[in-house]
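Asks: Before anything else, here's the structure in question.
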Amino acid sequence: VIRADLLAGPGKVALMNFIGDRPAMVFASPTVSRIFGDELRDLAMQLRSWNNELITIQTTEQNKTLQTVEAILTKAQSRYFGRNGVFIGVGGGVLLDIVGLAAGLFRRGVAQVRIGTTLLAQVDAAIGIKSGVNVGKAKNLAGLFSPPELVVTDGRFLSTLPQRHIRCGLAEMIKLALVRDEALFTAIETDGHQLLLESRNSETSQRLVDQAIRGMIGELEPNAYETELQRVVDFGHTISPRLESDTNFQLHHGEAVAIDLVYFCIVGQVLGMLKQDAVLRIVALLDRLGIPRWHELLANLDFIASALDAAQAHRGGQLHLPIPTRIGAAQFVSDRRNLTGIVLKEASEIGRVL
Ligand SMILES: NC(=O)c1ccc[n+]([C@@H]2O[C@H](COP(=O)([O-])OP(=O)(O)OC[C@H]3O[C@@H](n4cnc5c(N)ncnc54)[C@H](O)[C@@H]3O)[C@@H](O)[C@H]2O)c1
């Protein structure tokens, strides 16, 4: 992972040197193409990418499908793209997931470079080795572990990112802080708002983003292929996939994560695992940053039960539910029987009025 001024100067040269004389295909979402098109086309040209072209793909959750991946494979094949080639994804988590999966599948795997242009992608989606697409209503059901060769972080992309998406990234940063890094949590309390300012690509913001990236790498690296299914970074990702899909993706990924994480902090409080003071401190931070933390679906215990069923299947038959025991540490609740209807209902009632 490198931080570099990608669109001009040394970052571009570093990327070009890295790619060398390998063929490249550069992909971006429509918004990123619109805002950064000239610079990215210039980059594509200098990389001698196929047709000197910047390839734009639709990147809504509804387009995050095997069909979109197939369209990329077909396009690459039609241009005799070789197995020495490199797919370069420039975009948010949706684009990186699509391009990452296409890279993992094309001729059984070609190299990929991930350039995250949303905060969420920079602190999370770009630096993992997973990629996946939705199948029907099931989020990320079809996917691969397909490690990028290089990840480039450029804070300049954040300056055009709508605040709603900055908040999504902050939610993922808070998730990570809660389960492993109290210092990161404190840093977000002090400086998180800077990412929402016009001047958001400040040194302070970059430091904060880098701290989150380092923490995420530290967490993912020892278990990159998820042979261990107890993962603290699954915190915030238990019922959030269903929150996203059941709202027809009106809730963005980071928003669903925030709502999920607050709910399970409250569950922790009800179970006596997490003190109420900590829950209030977490809620205060989310409120200060304007991050949503409640959705009416949480009042529906059938919804929660079926979302827990889906999470349990994904985690190999056990719940492996991470719950913070204080800010910066977590334990797992693996036995579903601990989550009785009474516990879930009490948590919903607290969450609704908090
Ligand atoms: N593979 C992984 O490990 C992993 C991890 C976390 C999340 N994800 C996935 O990531 C997705 C969410 O990603 P996201 O939050 O980045 O959303 P996103 O990819 O939908 O991007 C959000 C919006 O911002 C626009 N955008 C991107 N960069 C911009 C910029 N610099 N300026 C202005 N607009 C810009 C995009 O075009 C899009 O409309 C989900 O599908 C989630 O499942 C994957």
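Every number here is computed from the coordinates shown, using simple stated rules; none is lab data. None of these values were measured; they are calculated from a predicted model. Every residue, glycine among them, receives a Cβ derived from its backbone with ideal geometry; neighbour counts consider all protein chains shown.
Asks: From the residues in the range 56-76 that are of a type in the set (A, V, I, L, M, F, W, C) and crowded, with 21+ Cβ neighbours inside 10 Å, which one is nearest to the ligand (Cβ to nearest atom)?
Replies: Residue satisfying both the conditions and the ranking: Ile57.
Asks: Tell me the residue from Gly143, Gly169 that is touching a Gly at 6+ places or on another chain (Cβ under 8 Å), within 13 Å of the ligand (Cβ to nearest atom), of a type in the set (Gly, Ala, Ser) and part of a helix (DSSP H, G or I), please.
Replies: Gly169
Asks: I'd like to know if the range 19-40 contains one or more residues that are among the aliphatic types (A, V, I, L, M), surrounded by fewer than 14 Cβ atoms within 10 Å (Cβ to Cβ) and more than 11 Å from the ligand (Cβ to nearest atom).
Replies: The answer is no; no qualifying residue exists.
Asks: Next question. How many of the residues making up the range 103-119 are part of a helix (DSSP H, G or I) and either over 9 Å from the mean Cα position of the chain (by Cα) or under 15 Å from Leu220 (Cβ atoms) (or both)?
Replies: 6
Conditions (1) part of a helix (DSSP H, G or I); (2) more than 26 Å from Ser245 (Cα to Cα); (3) more than 24 Å from the chain's Cα centre (by Cα), marked per residue:
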{"residue": "Leu15", "(1), (2), (3)": "yes, yes, no"}
{"residue": "Asp21", "(1), (2), (3)": "no, yes, yes"}
{"residue": "Thr31", "(1), (2), (3)": "yes, no, no"}
{"residue": "Ile35", "(1), (2), (3)": "yes, yes, no"}
{"residue": "Glu39", "(1), (2), (3)": "yes, yes, yes"}
{"residue": "Thr59", "(1), (2), (3)": "no, no, no"}
{"residue": "Gln62", "(1), (2), (3)": "yes, no, no"}
{"residue": "Tyr80", "(1), (2), (3)": "no, yes, yes"}
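Asks: Please give the helices (runs of 4 or more DSSP H) falling wholly within the range 274-354 in which 1 or more residues are under 23 Å from Glu219 (Cβ atoms).
Replies: It comes to 276-289, 301-314.
Asks: Within the range 186-219, can you find the residues that are within 25 Å of Ile323 (Cα to Cα), crowded, with 17+ Cβ neighbours inside 10 Å and out of contact with any Lys or Arg (no Cβ under 9 Å at 6 or more places or on another chain)?
Replies: Ile188, Leu208, Gln211, Ala212, Met216
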